[in-house]
Amino acid sequence: MVSTKFLARSLLPTLAALGVAHSALAQAMYCTPIRPGETAPQVAMRITGEASDAREPWFQIVDPATSRFVPKPRYAYVRAGWQACVATGLPASVAPPANSYASTWTRHLRTAYHDVARLIQSPDSDLGLWLVLLALIAIATHSADHYFRDREQVLKAMQRFSQMFVREFERPLAGVDLSVRPIQSKLRFAPQASRLDILIAPGAGRRYPNLTDHRNNVEYDLRRILDVLRDEPFVNGRPYMDGRWVVLPFSLKPAIRQAGDR
């Protein structure tokens with residue numbers, strides 16, 4: 001438990017290091033003890049003015065004896081002394097548009113930060129540790145969601161560009177029989193590095209492309225194709241040989257890469 005608490009405390013600044021100021025993160029969490037004879041709808045009415053708010057996800061009841069949330073199906077049998085908690089709203093000056101993805105995530109993050117900061121420093125920080133765990137899972141999920149979404153977008157852009165590039169490279173080399181490919185091609189993707197390698201080699205019975213005796217021709221075709229595809233968000237590196245394959249390295253333009261990293 002000591003090491004877990006140390007880890008939780010050491011990770012707390014991470015919640016604040018996500019590009020938002022502390023004041024924007026610190027959304028208040030209001031808790032009040034349930035009074036003798038009071039039901040969950042009655043305490044919700046007392047706190048929020050609406051009895052039906054007891055069913056909302058931002059309304060939670062905590063059993064201080066176990067530092068655990070009470071499942072909503074058990075709200076019909078709440079006890080005096082249990083804590084009823086609700087997340088308060090954000091000031092209009094710092095709240096993003098109500099229906100935006102950022103608004104939903106920011107509300108969760110602000111609530112988590114304030115609760116963790118308060119509860120970890122309390123004598124019984126078990127609930128705080130659970131909130132740290134939940135907050136970190138949410139952050140990890142959010143980050144992973146963005147990572148895979150951005151990675152998928154980069155992969156799609158790479159696949160589209162490589163298909164157009166190979167098709168344009170083949171176009172002047174194609175013979176009468178279109179079923180015979182003038183070149184062979186394969187791809188190497190490194191989305192995390194924003195890098196794409198297009199590998200090309202001569203088709204059956206052909207000598208072009210290669211860099212041994214046709215470097216100038218390959219570099220000419222490379223410039224020609226990039227002029228045709230100049231609206232695509234890729235820049236090329238210097239071609240090189242890898243066995244029988246001519247490797248044409250490409251990377252995302254810096255401005256596109258920076259936009260994808262945000």
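The values are calculated or read from the model by the stated rules, or taken from the named source; none is laboratory data. Keep in mind the model is a prediction, meaning the values are calculated, not measured. Heads up, the Cβs are rebuilt from the backbone with ideal geometry, glycines too, and the neighbour counts pull from every protein chain shown. Calculation scope for accessible area: heavy atoms of the full protein, side chains included, ligands and nucleic acids excluded. Shrake-Rupley method; radii C 1.70, N 1.55, O 1.52, S 1.80 Å.
Pull up all non-local amide H partners of Met241: gap of 5 or more, or a different chain, and H-to-H distance under 5 Å with H placed in the peptide plane.
Val247
How much length is gained if the chain between Arg35 and Leu173 is pulled fully straight, taking 0.36 nm per residue apart and subtracting their Cα-Cα distance, in nm to one decimal?
On the way: separation 138, 0.36 × 138 = 49.68 nm, distance 8.43 nm.
Once the chain is fully extended between Arg35 and Leu173, it gains 41.3 nm.
Between Gln184 and Asn216, how many nm apart are label points set 7 Å from Cα along the C-beta direction?
It works out to 2.8 nm between the two label points.
Can you send over the carbon and sulfur percentage of the accessible area for region 38-85, probe radius 1.4 Å, protein chains only? All intermediate terms of the calculation are to be shown ahead of the outcome.
Values: 1520 of 2790 Å².
With neighbouring chains kept in place, the figure for region 38-85 is 54 percent.
Full extension from Leu155 to Arg206: what is 0.36 nm times the residue separation minus their Cα-Cα distance, to one decimal in nm? Mind showing how you got there, number by number?
Working: separation 51, 0.36 × 51 = 18.36 nm, distance 3.09 nm.
Stretched fully, the Leu155-Arg206 segment lengthens by 15.3 nm.
Summing +1 for each Lys or Arg and -1 for each Asp or Glu, what net charge is found among the other residues whose Cβ lies under 15 Å from the Cβ of Gln184?
Working: positive: Arg167, Arg181, Lys186, Arg188, Arg206, Arg207, Arg244; negative: Glu170, Asp197, Asp242.
That sum, taken over residues with Cβ under 15 Å, equals +4.
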